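The values are calculated or read from the model by the stated rules, or taken from the named source; none is laboratory data. As the structure is a computational prediction, the values presented were derived from the model and not from experiment. In this analysis, Cβ positions are derived from the backbone assuming ideal geometry, glycine residues included, and neighbour counts consider all displayed protein chains. Quick note on the areas: whole protein, heavy atoms, side chains included, nothing else; ligands and nucleic acids left out. Shrake-Rupley method; radii C 1.70, N 1.55, O 1.52, S 1.80 Å.
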Amino acid sequence: MSDFTKTKSLFHLPEGMIYLDGNSLGPLPKAACDHVSDMMRDEWGKLLITGWNKAGWMQMSTDVGDRIARLIGAEPGHVITGDTLSIKVYQALASALELNPTRKVVLSDNGNFPSDLYMAQGLLKSLGPDYELRVVNPEDVAENLTADVAVMMLTEVDYRTGRLHDMKSLTALAHEKGVITVWDLAHTAGATQVDLAGSDADFAVGCTYKYLNGGPGAPAFIYVSPKHVAQVRPALSGWLGHEAPFAFDLDYRPGTGIERMRVGTPPVIALKALETALDIWDMVEMADVRAKSIELCDLFISEVEARCPTLTLASPRDGQKRGSQVSFHFADGFAAMQALIARGVIGDFRAPDIMRFGFTPLYIDNSDVMAAVAIVEDVITNNLWDRPEYKIMGKVT
Ligand SMILES: *Cc1c(COP(=O)(O)O)cnc(C)c1O
């Protein structure tokens, strides 16, 4: 049984703050400061270039990948970290398209995060005018798996509403129709029980700064199924994905297995910070995290609906069909969220009218939910958001 009182004690959570935004940026593991500064002083400082071998920096991308693999149901040795998620989306999509060369359509949905769609648009433009990105409503994906679709590229959880796709059944249907799948786990890794191997997923990508708590700018990850990894051609064929980077050959030859999805030098300092978050993840089972997350979300929904009738639920009511976030529509949602933030309840706002709250069992418990609900009720029923200073938008919302 996972001990969430213990895990909560391992995060730095500022006094007076209820942090319901771990779906955008997880909090700081207390051990990260020492772990990173020890590495800087003892490894970077003393070992310098020899740290790549002596401190194992080069292996970190796959070592950390294996620790993430456990959390997403991936086979060991099939996840590698590095770069940002947008880059990993490009890489996965490019490789997936080449596995299905007679077809030219990428199918996605309008609940996908814009960066994924932008990366697809950029890639397809480079590939030529025959290629098309087809974006449909999330509920219409299955019926749009037509004979011209090469790749189905979906983000499992809708970043605005928290609606969760059924990975297993959509992947099975895609395969039946000859379609390769790319799943973005940005809002599912560390949030729900993902079973990549059991779902027969082809490619998956995700980031580590949201639910996984790796810190701002923490590296992304990519998964390639064992059935494809020896065949896939990396479109971003950087030197560290080469079979023998230090042979300095002039021609690219892909590395063995998942190593070929490396591009350049790994972000060692960021990986060190992520390691401390994964030490906490090692203490829990995803089944327990999922069960507790549904309990916290259900509690928040029932309390908010009972006390704030002007907020309307934007997320699925059924916990099994929802990620680890709850969203409400509210016309003055931006100002209301600023008023909540001023009172220490940190959620975020997504245009046009979504107030979004993330629930993360590692450091949020029932008493946090009840304390947050009391503040939401005060702000909404007393119109405390209706002040000019809450209507000024910053660069990041
Ligand atoms: C957060 C998120 C991103 C962000 O990509 P970065 O390259 O890490 O900035 C991309 N896609 C999805 C689905 C996301 O949720």
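Counting only C-alpha contacts under 8 Å and six or more residues apart, can you give the relative contact order of region 56-281 as a whole percent?
25 percent
Largest first, how would Y211, Y19, Y252 line up by accessible area (1.4 Å probe)?
Y252, Y19, Y211
For a quick protection proxy, order the peptides 103-115, 60-72 by their average other-Cβ count within 10 Å, most packed first.
60-72, 103-115
Cross-link list K210/K292; K292/K321; K8/K210; K8/K88; K177/K227; K6/K292: which exceed 23 angstrom alpha carbon to alpha carbon? Intermediate results must be reported in sequence, preceding the final value.
Numbers: K210/K292 18 Å; K292/K321 15 Å; K8/K210 16 Å; K8/K88 31 Å; K177/K227 18 Å; K6/K292 15 Å.
In this structure, K8/K88 exceed 23 Å between Cα atoms.
Using a 1.4 Å probe, what is the accessible area per residue for the chain, in Å²?
42 Å²
Would you mind checking which residues have amide H under 5 Å from R322's amide H? H placed 1.01 Å from N; only 5 or more apart, or other chain.
The list, which skips near neighbours in sequence, is L164.
Find the centroid of the Cα atoms in region 327-397 and in region 105-170, then give the distance between the two in whole Å.
Answer, in whole Å: 30.
How long is region 56-281 along each principal axis, judged by its Cα atoms, biggest number first, in Å?
48, 42, 28
What would the Debye formula give as log10 I(q)/I(0) at q = 0.13, 0.14, 0.15, 0.17 Å⁻¹ for the alpha-carbon point model of region 31-114, no solvent?
After summing over all Cα pairs, the log10 values are -0.67, -0.74, -0.81, -0.93.
Tilt of helix 268-281 relative to the longest C-alpha principal axis of the chain, in degrees (0 to 90, nearest 10)?
In the chain, helix 268-281 runs at an angle near 60 degrees to the longest axis.
How tilted is helix 167-176 with respect to the longest principal axis of the chain? Cα atoms for both, answer in degrees (0 to 90, nearest 10).
Helix 167-176 sits roughly 40 degrees off the main axis of the chain.
Step through the residues of region 113-126 one at a time and calculate ³J(HN,Hα) from phi using the Karplus curve (6.51 cos²θ - 1.76 cosθ + 1.60, θ = phi - 60°), rounding each to whole Hz and writing x for Gly and Pro.
Here the 3J(HN,Hα) series is 6, x, 4, 5, 5, 4, 5, 5, 4, x, 5, 5, 5, 5 Hz.
Calculate the translational D of the chain in whole µm² s⁻¹ from Stokes-Einstein, where the hydrodynamic radius comes from the Kirkwood formula applied to all Cα pairs, the temperature is 25 °C and the viscosity 0.890 mPa s.
112 µm²/s
Each residue of region 317-329 in order: what ³J(HN,Hα) in whole Hz does its phi give by Karplus 6.51 cos²θ - 1.76 cosθ + 1.60, θ = phi - 60°, with x for Gly and Pro?
Karplus values, whole Hz, x for Gly and Pro: 6, 7, x, 5, 9, 10, x, 9, 9, 10, 10, 10, 7.
Provide E389, E259 ordered by accessible surface of protein heavy atoms (probe 1.4 Å), highest first.
Greatest to least solvent exposure: E389, E259.
Under 5 Å between amide hydrogens, which residues at least 5 positions from R134 or on another chain qualify, with H placed 1.01 Å from N in the peptide plane?
Excluding prolines and chain starts, which carry no amide H, the hits are V106, L107, S108.
For region 1-76 and region 171-211, what is the centre-to-centre distance using only Cα atoms, to the nearest Å?
23 Å
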